[in-house]
Each structure stands twice: as structure tokens, then as C-alpha cells.
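Inspection log for the structure reproduced underneath, given as C-alpha cells.
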Amino acid sequence: SGNAGEDEESYPARNSYVLGIGSVNNDFEKSSFSNYDDNLFIMAPGEQILTTYIGNNYARQNGTSFSAPIISGVIADMLSLNPYYTLNDIKKIL
């Protein structure tokens, strides 16, 4: 959805063929940086995500770029169980 904390999603989340994914914190509240609007489809963890970092290290990072792969992974699992799910099927299940 984007990381500007605005009340509109950024591209590509605004595209009708894309699921807009926002970020929530550890209390399942909208992250202050997460964009949002009526088209936002779902939210996933996006704060303090442990990830690889420069210099062969790990660091905790924030952003909707961490939320999107969580939902993408869930959808991939769903499609592995039923490859005939349509986008509408996936939306209904999620």
C-alpha cells in the first residue's frame, strides 16, 4: 500500500488486479507509516521484522514491503492446495 502514512494507496496497490496490503504493528494496529484507503484489502505484520542486513548482519526493519510477502506466501499455500482458486475465491477466503 505504501509507506507514507497517507490516506491513499500508492501504485501498484491501486491497480484493480492487485491486492493492496498494509502494515500492522505487534498490537494489530495500523502502522503509522502504512498507507490506507477504501481499496486496502488486508494488513499483515510490517514492523520490527527481523531480516538480513548489510555486512552479514540481521536487523529489525519496518515497511509494507515486509507485509506483502507474508500475504503472498499465504496465497501461494492456498493455490498449492487448489490451483483453480480465482482472485475472488482468494479474497473471500482471506
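The values are calculated or read from the model by the stated rules, or taken from the named source; none is laboratory data. Note that the coordinates shown come from a computational prediction; the quantities given were computed from them, not determined experimentally. Ideal geometry is used to build each Cβ from the backbone, glycine not excepted, and the neighbour counts take in all protein chains shown. Keep in mind that these areas ignore ligands, DNA and RNA; they rest on the heavy atoms of the full protein, side chains included. Shrake-Rupley method; radii C 1.70, N 1.55, O 1.52, S 1.80 Å.
Listed values, structure above:
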quantity	calculated
Odd one out for PRO12 among (1) open to solvent by less than 30 Å² (accessible area, probe 1.4 Å); (2) part of a loop (DSSP other than H, G, I, E, B); (3) free of Cβ contacts under 8 Å to residues at least 60 places away in the same chain	(1)
Every residue from the range 18-34 that is under 24 Å from LYS92 (Cβ atoms), in contact (Cβ under 8 Å) with a residue 24 or more places away in the chain and part of a loop (DSSP other than H, G, I, E, B)	LEU19, SER34
Tally, over the range 39-73, of residues that are in contact with a helix residue (DSSP H, G or I) (Cβ under 9 Å, 6 or more places away or on another chain) and surrounded by 15 or more Cβ atoms within 10 Å (Cβ to Cβ)	8
Wholly within the range 38-94, strands (runs of 3 or more DSSP E) carrying at least 1 residues that are under 16 Å from the mean Cα position of the chain (by Cα), modelled with pLDDT under 95 and closer than 17 Å to PRO12 by Cβ	40-45
Cβ pairs under 9 Å, 6+ apart, first in the range 38-63 and in contact (Cβ under 8 Å) with a residue 24 or more places away in the chain, second loosely packed, with under 10 Cβ neighbours inside 10 Å and in a loop (DSSP other than H, G, I, E, B)	ASN39/SER16; MET43/PHE28; PRO45/ASN26; PRO45/PHE28; GLU47/ASN26
Residue under evaluation VAL18, criteria (1) at pLDDT 95 or above; (2) on the phi < 0 side of the Ramachandran plot, criterion not met	(1)
Candidate set: the range 22-38, residues that are over 21 Å from GLY73 (Cα atoms) and of a type in the set (D, E, K, R); chosen: the one surrounded by the fewest Cβ atoms within 10 Å (Cβ to Cβ)	ASP27
